[in-house]
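One structure below.
The values are calculated or read from the model by the stated rules, or taken from the named source; none is laboratory data. Bear in mind that the values here come from a model prediction, so they are computed numbers and not experimental data. Cβ: placed from backbone, ideal geometry, glycine included. Neighbour counts: every protein chain shown.
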Amino acid sequence: MSDSTDSPAFFAADFEFAQDLIDGVATAWQRFEAELKPTITRKLSGLGATAADADEVLGIVMEKLWAQKKLAAYSGSGPLSGFLRTMAANAWLEYLRKHRRMVPATNLTNDDSDSDPMERLAHNEAAVPQETPLAQLLRDALIYSLTQVDAEALLVMRLSLLQDVKQRDLCLLWGSCHEGTISRKKQEALEQIREGTLDYLHKREPSLQISWQDLMEACGEGADAILGPSI
């Protein structure tokens, strides 16, 4: 039998707080106003929103949380504040596209390429139907960045991280090279993915001032935080 203490990622206090909000507990609402609204506003400001924009997008986030019942998607797998910051990033991206530029969903990759960037990130056609702009943009950015990575470095990273091939075995495969060579190639691939992803995002959405840490935070919140509830 597995011990629940083996799952430290579950934020029990935040989950209970979210349930109190859903149930309309007055003290929970007061805490939300005092703690979480400022958190959402700061996130929007950090993403490039003006004070007026942040106020409008905050209203959109609130409408999603309560009228659309998006808060029900929070599962406690990460901090509630992180879940809300990810929602704010999604709402801001939607706002930018709707009110400013109406960016088409184009892809910077070469559609005629025979390359297989991680099997096109597990096949685009399998994407979740209700995928949010942030999730779609992140997936497109990752696909683009994978096409820019040095092929050998990408293969080393793929064998090591996805196929779980031991580093010493990779050294033998690469002609008895030093383990440091394998480590450098993995690091090279990771750095190229990060740089390529951010480059794509800045070209596609120059008004979205999003950092690598923002993206890692969004991914860390899990599918529910990025995609929202499937309703």
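Residues of the stretch 79-121 that are closer than 25 Å to S211 by Cβ, in a helix (DSSP H, G or I) and at pLDDT below 85: R97, K98, H99, R100, R101, M118, L121. Scanning the stretch 7-37 for residues that are within 13 Å of Y74 (Cβ to Cβ), assigned to a helix (DSSP H, G or I) and touching a residue at least 12 places away in the same chain (Cβ under 8 Å) yields A12, D14, F15, F17, A18, L21, I22, L36.
Annotation: G76 fulfils all but one of (1) surrounded by 17 or more Cβ atoms within 10 Å (Cβ to Cβ); (2) in a helix (DSSP H, G or I); (3) modelled with pLDDT of 85 or more; the unmet one is (2). So, G46, is that one surrounded by fewer than 18 Cβ atoms within 10 Å (Cβ to Cβ) and at pLDDT below 90 or not? Criteria met by G46. The lone criterion from (1) at pLDDT 90 or above; (2) in contact with a helix residue (DSSP H, G or I) (Cβ under 8 Å, 6 or more places away or on another chain) left unmet by G59 is number (2).
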